[in-house]
Amino acid sequence: MRGVRQALKLLPVFQQQAASSLSAPAVSGAPSAVLQQARGLFTVPPHDTYSSSSSSQAVQQQQQLREQSTAAMPLFARGRTDAENQAIIKKGIKLLGTPMYLDMQATTPLDPRVVDAMLPFMTGQFGNPHSRTHYYGWESEEAMETARAEVAKLIGADAKEIIFTSGATESNNLAIKGVAQFYREKKKHIITTQTEHKCVLDSCRWLQQRGFDVTYLPVQKDGLVDLDLLKSAIRPDTALVSVMTVNNEIGVIQPIKEIGDICRSRNVFFHTDAAQAVGKIPLNVHDSKIDLMSISGHKLYGPKGIGAIYLRRRPRVRVEPLMSGGGQERGIRSGTVPAMLAVGLGEAARVAQKEMAADTAHIIQLEKRLREGLMGQLTGVELNGPHNLQQRYPGNLNLSFAYVEGESLIMGLKELAVSSGSACTSASLEPSYVLRALGVEEDMAHTSIRYGMGRFTTVEEVDRAIELTVNHVNKLRQMSPLWEMVQEGIDIKTIQWSQH
């Protein structure tokens, strides 16, 4: 990790020089020095950023420093050479360079501090944390328990209530199937919403095939759950209510405290998929009366392949394990816990708690800049989800662009790594079920783009995203006969299209 440390020391020099060329207002909040330095790892300013000095010697020194820092960076963080750029061909598409990453809901890069914490457990500290008879096991177990405590601290839980899993998908399966099967003799009804993550919906369908009754609540136009509908859906045999904290497609923040109050008053367990929320917004499982919570490592700048589930101890929640084995993790999740990944998750949780206020201020600024930049330069742009940032996580901006096709737009934005709201299958292309549940018309659902911003996203990247999106939307609209009709004042919704 020496290279990352060296890069962190050198990059502030370049960031300071690059900052003078930006017209963006300063970010409110006070990010740590480490965070300010780390942000530069993911966007290295171009060579000509440093050529403004009148002194050729200064230019030469700056170029030398830049080359040293770039060489010291890990491959994921440094810019590519011209030769490398020419060789980037993926999925039959030739890319001019590494795209700017604006897909933070899909995954986040490892924070350099997380990599530093994990590195010893990739080499010398390789012991099995469940080995109780020698030093190697003891040191791994100690590190694992420290990580468990950090995860618990982030959500206001006790360390004994945290069970390590392989990720949020496993945690969701364990929560829903585990509770349902443990209490199946008396309670066989589950409540969830139509906009949950696919692993939650599929777990519920799995239970339906085994005789359980599942209620899928609709959501309102902004994606929020109707609390009155929830109250009326609860029955004497309801075992569990599962509602995600932050939606992965539109960023809506559900009123989990109110949902928790309702569930506790009706003696029903409350599970929330918080993969998109933990480390990004303040959460306290006790204040919100949450009984089970799913956590993902790679959604909060931690490693992939590790997650956790929070299981309340008082009042106690019981689950039936999904796997048989050695009885690790209090017999709830058998299998050797990868100490290296657990340490990474713990460090990511620690960093998230430290940086949350600064991250939020930074991301709010970026979201405002991106949203106003796109909607100010383009007409026919609709925001999917709540307009009120009190009800939407700002790092998730889902927009629909009228009179363009979403996949064509994404394919044209090869410099941007973004996601479409459409889900591709092998046989068909269907619009996002989340957007359809919001009542978004099918044609607009097909044109949605999700921009995901995070801790390491820069103002430069946002400005470039605005430029690229505006240019390509205008280009596609120039080729659209529908757009031409709209420009001529024709209301295309009144046209009766013939069927062939």
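Please treat every number below as a calculation from the coordinates, not as lab data. Keep in mind the model is a prediction, meaning the values are calculated, not measured. Here the Cβ positions follow ideal geometry from the backbone for every residue, glycine too, while neighbour counts run over all protein chains shown.
What to note about this one:
- Here K90 and M479 are evaluated by their C-beta separation; at R0 = 25 Å the FRET efficiency comes out at 0.50.
- Based on the convex hull around the alpha carbon atoms, segment 114-351 presents an average projected area of 12.4 nm².
- The stretch between Q194 and Q487, if pulled fully straight at 0.36 nm per residue, gains 101.8 nm over its current Cα-Cα span.
- Extension gain, Q391 back to Y135 (0.36 nm per residue minus Cα-Cα distance, nm): 87.3 nm
- Length added when fully stretched, K153-A417, from 0.36 nm per residue minus Cα-Cα: 91.8 nm
- For K188, the aspartates and glutamates whose Cα comes closer than 15 Å to its Cα, not counting residues fewer than 8 places off in the same chain, are D213, D237, E320.
- Placing pseudo-labels 7 Å out from each Cα toward the beta carbon at S324 and Q220 gives an inter-label distance of 4.9 nm.
- Of the peptides 120-127, 295-302, the order by per-residue mean of other Cβ atoms within 10 Å, starting with the highest, comes out as 295-302, 120-127.
- Taking S232, S334 and counting other C-beta atoms within 10 Å, the order from fewest to most: S232, S334
- Label-to-label distance, nm, for residues given as T107 and N471 (7 Å Cα→Cβ offset): 2.9 nm
- Taking 7 Å steps out from each Cα toward its Cβ at R264 and E185 produces label points 2.8 nm apart.
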